[in-house]
Amino acid sequence: MAAFLASPKRITSTFLFFTFNLHPPVSSKNPIGIFDSGVGGLTVANAIVRSLPNEEIIYFGDTAHLPYGDKSADAIRYFSLRISKFLLEQDCKMIVVACNSASSAAYHVLVDFFKGQALFVNVVDPLVEKVAGKRYRKVGVIATKATVQSGMYERQLRALQPDLEIASLATPLLAPMIEEGYVHNEISHAVLQSYLSHPSLQGIDALLLACTHYPLIRPDIEAFFEGKVEIFDSTDVVVSAVRQRLGSKNLLNEQKPQRPHRFYVSDYTSSFESTTRLFYKEEIALEHCPIW
Ligand code: DGL
């Protein structure tokens, strides 16, 4: 593994030579797999559980490798492939890539590689479709370095609205700040003030919170713009996309889930467990699942 990590370009290609015995999902009762680099994707998991209470979920937080936002696209692809393999081995009928960095770097690789074995939903497409439909003049995108460097939001927004002006800004301090519980306080306000006053964001009509950690600081961002800029995050739009995709394949579960939801992390510390409450809004137990 160390050798692979030393050469990220080899990671994906080496991985692609592996063969798997995966079983395509056959029933609406199968769980939905959701993954993120850590606990940020729990904002998406929580929204799915609340809106689709009949669905069983299996969450995987790759805490051994967070943050993804600072990693290369090849490394993120490798991690995403391995986690998706794990989730498919748990018979997930759908995999939600609840991380913008992984959605930007790895979504198309996952769809190609696991073709026909599960439905995949990412967090970028539903947000882009919602925002492009509003016909704004200028929008801002704040995200991790990996998401901004991928250019995914610009490409997809421009494909739907060629005349849209887009300002993308990497805001790498925000995810660790939120994970450390620095929300709604002087430090978080100072960091936000510094990022959100960036000249490139002047004159925006809307701001996309393109990281699954950011819904936690949405009220502070709204307060900064004093209602003059519309703020969007991906939670609700992703839930709609999940409902629509499952419904179109007759895979929405009609009955209460038979098993409790499971929450796995690739590295366990009690600090991760206490942070989960911030993101999931209720007590959950994390299980250590060392897949690496
Ligand atoms: N939650 C991840 C995202 O949406 C960001 C955190 C990280 O950098 O790992 O991009």
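Determine if segment 176-195 includes at least one residue that is in contact (Cβ under 8 Å) with a residue 12 or more places away in the chain, in contact with a strand residue (DSSP E or B) (Cβ under 7 Å, 6 or more places away or on another chain) and outside any helix (DSSP H, G or I). Checking segment 176-195: not a single residue is in contact (Cβ under 8 Å) with a residue 12 or more places away in the chain, in contact with a strand residue (DSSP E or B) (Cβ under 7 Å, 6 or more places away or on another chain) and outside any helix (DSSP H, G or I).
Please indicate, with yes or no, whether at least one residue in segment 211-231 is within 15 Å of the ligand (Cβ to nearest atom) and polar (S, T, N, Q). There is at least one residue in segment 211-231 that is within 15 Å of the ligand (Cβ to nearest atom) and polar (S, T, N, Q). Of all residues in segment 106-121, none are closer than 25 Å to SER197 by Cα and crowded, with 17+ Cβ neighbours inside 10 Å.
Kindly indicate whether VAL238 is more than 20 Å from LYS138 (Cβ to Cβ), within 16 Å of the ligand (Cβ to nearest atom), touching a helix residue (DSSP H, G or I) at 6+ places or on another chain (Cβ under 7 Å) and touching a residue at least 60 places away in the same chain (Cβ under 8 Å). It is true that VAL238 is more than 20 Å from LYS138 (Cβ to Cβ), within 16 Å of the ligand (Cβ to nearest atom), touching a helix residue (DSSP H, G or I) at 6+ places or on another chain (Cβ under 7 Å) and touching a residue at least 60 places away in the same chain (Cβ under 8 Å). Among the residues of segment 34-61, the ones that are outside any helix (DSSP H, G or I) and under 12 Å from the mean Cα position of the chain (by Cα) come to 11 in all.
When the residues of segment 247-263 are filtered to those that are within 22 Å of GLY61 (Cα to Cα) and not in a loop (DSSP other than H, G, I, E, B), the one that is farthest from the chain's Cα centre (by Cα) is ARG262.
Here, each number is a calculation from the coordinates, and none is a lab measurement. Bear in mind the structure is a predicted one, so any value in this text is a computation, not a measurement. No Cβ is skipped: glycine too gets one built from the backbone with ideal geometry, and neighbour counts run over all protein chains shown.
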